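Peer 1: Attaching a single structure in structure tokens format; questions to follow.
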Amino acid sequence: MSSEVEKIERREGRGIVVRGDDIDTDRVIPARYMKSISFAGLEEFVFADARRAQDGTPKDHPFNEARFEGASILVVNKNFGCGSSREHAPQALMRWGIRAIVGESFAEIFAGNCTAIGLPAVTAAGDDVAALMDVVELDPASPVVVDLTAGKLTSRAGSAPITMPAGARGQLLDGSWDAMRTLLAARDEIERKAGSLPYPGNFPAR
Amino acid sequence: MGESLFNKVWDLHAVRELPTGQTQLFIGLHLVHEVTSPQGFQMLHDADLGVLCPERTFATVDHIVPTDTHARPLADGLAEQMLQALERNAKRHGIEFFDIGSGDQGIVHVIGPEQGLTQPGMTIACGDSHTSTHGAFGAVAFGIGTTQVRDVLATQCLALARPAVRRVEVDGPLGPGVYAKDVVLHVIRVLGIQGGVGYAYEFAGSTFDAMSMEERMTVCNMAIEGGARVGYVNPDETTFDFLRGRPHAPAGDDFENAIGWWRSMASDADAPYDDRVAIDARQIGPTVTWGINPGQSVGVDETLPALSEFPDGDRATAEEAYGHMGLRPGDKILGTKIDVAFIGSCTNSRLSDLREAARVVRGRSVAPGVRALVVPGSEAIKREAEQEGLHEVFRAAGFEWREAGCSMCLAMNPDKLVGNELCASSSNRNFKGRQGSPTGRTLLMSPAMVAAAAVGGRVADVRDL
Ligand code: SF4
């Protein structure tokens, strides 16, 4: 864990496109690859079932394509990251090299997990996402810029507004996305709160 | 002007407002399991911190446990390693651990209520999306990721934005053969799998009022499948009766006093809501999913929808679903041949679920060629079911009777689909690959419907049995 505060204002890099709505976290990282007590090595299994047949032969998938190697801006459609709360999903993406995700919409727990690990997940309008997907596929070497300060996305397709929940955006911009230190700073208030809750009996031991 | 339970609980637990506009929210109860916690504990140790409130933290093991035998060491070395990590962490930090063999182990969302830990008016977090289950008691309960597990371990708090509250009113009696599972599948079908994003769902109305706690848990369990991180039912006599006498529930005078406080936390009659929807329970029949998300469902007597019936945005997913499932628009779901029948998971593995399934199975046999298993949600449920002789009913019919765990709900253990097997399942997710085979197929339905499918070898209408 870094004690340095990293402000995340802008991400720039090449794009990679994964099309489709409702891509759940089981698909981003199938459960059988979570059998570990660390996140190390998860990048190898990102989209595992979509990328490889059961006998191991590669299938057509953007994460297998040479032209997307080194990409850092993932572009997706609606409700990306629905389902399981597994942080393994954004961890696998980030360890693969993804530094920002642009999509039409995200599931809530997934978006929260992204923020907590400093991975901006920003939304853009359907038409803008479609245009971005097209230019990235056409010219994967062209740069994509996600500018959180300006609330703007820039690519060969032009410039488009992006949004994200105000609180999460604030956390990235002011460097409080790794929330533990911020939360712990209110230690006295936490203890007062714990003491003042009217919970009956407070979990009597058996 | 009154207030909703959600807002009362949120305000009560707010420690302070953060500069980002988020709330620093105190977490009254933290539940921990072996899959999403080891990295959280590691981060805690790396930061040289301890667990701030071990007395508010409880652990169990569920996802990776084999259900054929709980004997140690677990045959799978990685699973054993995960279990040992949790045992070490629990011991080191003084966290009560419902370990296998303790008599109290089980799926985290089953044992919280069973132990009386889950109580009205609380905030509850767990590194698991189905934490919404605990909302059945009038708690505000939600899933978090592993970094947030670390945050709760270290600070007993989370930084969160307050969601809006939608009252989902379902009124009317349920027809014969219609269960809580059908109600929640129907709600998701109507409101969409993304409809609840940004909302807490308050499930209200005469249908939920009439439900048992176990049924309410089934409903709240799947709030997240409708996109709502939180789902809850206001506490009432049914809630209090369930909690009375539970090991970790308040006892004696504490309990009587608790009832007063719990009642005061329920939504007021004039509480404002950000949104309201009304659903007529009479419209709900036994419901079965046919696709690759829990919103893709039909009544068991309906035919599968034509692609033209889907809004533009949903058509591609529907096409993908038909491709994966090997089903076609216009097909009847009734009569679809199944390979596996799974009764279990935090949605439907409680005693009442097993009783209903046993009622269907009694005196019948699992169809030839069908692999059928019943996996109780906890060691306690297994014991109670055996006292009633339910295991004999299932075994006599050809079901396997297993040890408690998540089992084939997500297949992080030896229970898995093979190849493109089609499974009638009482669990909560029909995502591609969810049950352990990338080409496996899942039809979600109530436990009674799974039992009916098991004996017929095909999707059946439980009302016809
Ligand atoms: S039973 Fe299934 S949904 Fe429930 S906690 Fe276990 S894996 Fe998750």
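No lab work stands behind these numbers, since they all come straight from the coordinates. Just so it is clear, the model here is predicted, and its values are computed rather than measured. Glycine also receives a Cβ, built like all others from the backbone with ideal geometry; neighbour counts cover every protein chain displayed.
Peer 1: Please grab the % of Cα pairs in the range B:5-160 that end up more than 28 Å from each other.
Peer 2: Tail of P(r) above 28 Å: 19 percent of Cα pairs.
Peer 1: Which FRET efficiency value, to the nearest 0.05, do you get for residue A:145 and residue A:55 by plugging their Cβ-Cβ distance into 1/(1 + (r/R0)^6) with R0 = 41 Å?
Peer 2: 0.55
Peer 1: In terms of the ratio Rg/(2.2 N^0.38 Å) built on C-alpha atoms, what value belongs to chain B?
Peer 2: 0.94
Peer 1: I need the phi-derived Karplus couplings for the range B:179-192: 6.51 cos²θ - 1.76 cosθ + 1.60, θ = phi - 60°, integer Hz, Gly and Pro marked x.
Peer 2: Result, rounded to whole Hz: 10, 3, 4, 5, 4, 6, 4, 5, 4, 5, 4, 6, 8, x.
Peer 1: Can you list residues whose amide H is under 5 Å from residue B:405's amide H, if they're 5+ apart or on another chain and H is modeled 1.01 Å from N?
Peer 2: Sorted by chain and number, the residues that satisfy this are B:107.
Peer 1: Here's a follow-up. Per residue, how big is the convex hull of the range B:327-437 when only Cα atoms are used? Give it in Å³.
Peer 2: It is 107 Å³ per residue.
Peer 1: Shielding of B:239-248 by partners, i.e. mean partner chain Cβ atoms within 10 Å per residue?
Peer 2: 1
Peer 1: With labels modelled as points extended 7 Å from the Cα through the Cβ direction, what inter-label distance (nm, one decimal) is found for residue B:276 paired with residue A:197?
Peer 2: 3.1 nm
Peer 1: Same structure, new question: At most 15 other Cβ atoms within 10 Å plus a DSSP loop assignment makes a site exposed; report the longest stretch of chain B without any exposed trypsin sites (Lys or Arg not before Pro).
Peer 2: B:1-243
Peer 1: Using each residue's phi in the range A:79-84, evaluate 6.51 cos²θ - 1.76 cosθ + 1.60 at θ = phi - 60° and report the 3J(HN,Hα) Karplus result to the nearest Hz, with x for Gly and Pro.
Peer 2: Taking θ as phi minus 60°, the curve returns 6, 5, x, 5, x, 4 Hz for the range A:79-84.
Peer 1: Given H placed 1.01 Å from N in the peptide plane, which residues other than close sequence neighbours of residue A:75 have an amide H under 5 Å from its amide H?
Peer 2: A:16, A:17, A:18, A:102
Peer 1: Have a look at the DSSP beta bridges in chain A and tell me what percent are antiparallel, nearest 5.
Peer 2: Percent antiparallel among DSSP bridges in chain A is about 55.
Peer 1: Would you grab the residues whose amide H sits under 5 Å from the one on residue A:10? Only those 5+ places off in sequence or on another chain, please, with H modelled 1.01 Å from N.
Peer 2: HN-HN under 5 Å from residue A:10: A:148.
Peer 1: Defining a contact as two alpha carbons under 8 Å apart and six or more residues distant in sequence, what relative contact order in percent does chain B show?
Peer 2: Dividing the mean separation by the residue count of chain B yields 17 percent.
Peer 1: Which log10 I(q)/I(0) values, to two decimals, does the protein assembly as shown give at q = 0.07, 0.08 Å⁻¹ under the Debye formula with one point per Cα?
Peer 2: -0.41, -0.55
Peer 1: Tell me, what ³J(HN,Hα) does each residue in the range B:229-242 have, in order and in whole Hz, if you take phi through Karplus 6.51 cos²θ - 1.76 cosθ + 1.60 with θ = phi - 60° and put x for Gly and Pro?
Peer 2: 5, 10, x, 8, 10, 5, x, 8, 4, 4, 5, 5, 4, 5
Peer 1: Can you give the mean number of other chain Cβ atoms that lie within 10 Å of the Cβ atoms in peptide B:427-440?
Peer 2: Taking all residues of B:427-440 together, the mean is 4.
Peer 1: Let me know the mean shielding of B:224-232 by other chains, meaning the per-residue number of their Cβ atoms within 10 Å of its Cβ.
Peer 2: 2
Peer 1: Taking only C-alpha pairs under 8 Å that are 6+ residues apart, what is the relative contact order of the range B:171-234 in percent?
Peer 2: Relative contact order of the range B:171-234: 46 percent.
Peer 1: My understanding is that a pair violates if its Cα-Cα distance is over 22 Å; which of B:91/B:382; A:193/B:91; A:35/B:432; A:78/B:8; B:337/B:432; B:332/B:416 do that in this structure?
Peer 2: The answer is B:91/B:382; A:193/B:91; A:78/B:8; B:332/B:416.
Peer 1: Nearest 5 percent is fine: what portion of the DSSP beta bridges confined to chain B is antiparallel?
Peer 2: 25 percent
Peer 1: Could you give the Stokes-Einstein D for chain A in µm² per second, using the C-alpha Kirkwood radius, 25 °C, 0.890 mPa s?
Peer 2: It comes out at roughly 134 µm²/s.
Peer 1: List the longest stretch of chain A that has no exposed loop site; here a site is one of the GluC sites (Glu not before Pro) assigned by DSSP to anything other than H, G, I, E or B, with at most 15 other Cβ within 10 Å.
Peer 2: With GluC sites (Glu not before Pro) excluded where exposed in loops, chain A gives A:70-206 as its longest stretch.
Peer 1: Arranged by the count of other C-beta atoms within 10 angstrom, fewest first, what order do B:336, B:239 take?
Peer 2: In increasing order of surrounding Cβ atoms, one gets B:336, B:239.
Peer 1: With a cut-off of 8 Å between alpha carbons and a minimum separation of six or more residues, what is the relative contact order of the range B:220-328 in percent?
Peer 2: For the range B:220-328, the relative contact order is 17 percent.
Peer 1: So, in nm, how far is label residue B:80 from label residue B:418 when the simple model puts each one 7 Å beyond its Cα toward the Cβ?
Peer 2: So the label points at residue B:80 and residue B:418 sit 2.5 nm apart.
Peer 1: Could you line up B:317, B:133, B:69 from fewest to most neighbouring Cβ atoms inside 10 Å?
Peer 2: Ranking B:317, B:133, B:69 by Cβ neighbours within 10 Å, fewest first, gives B:69, B:317, B:133.
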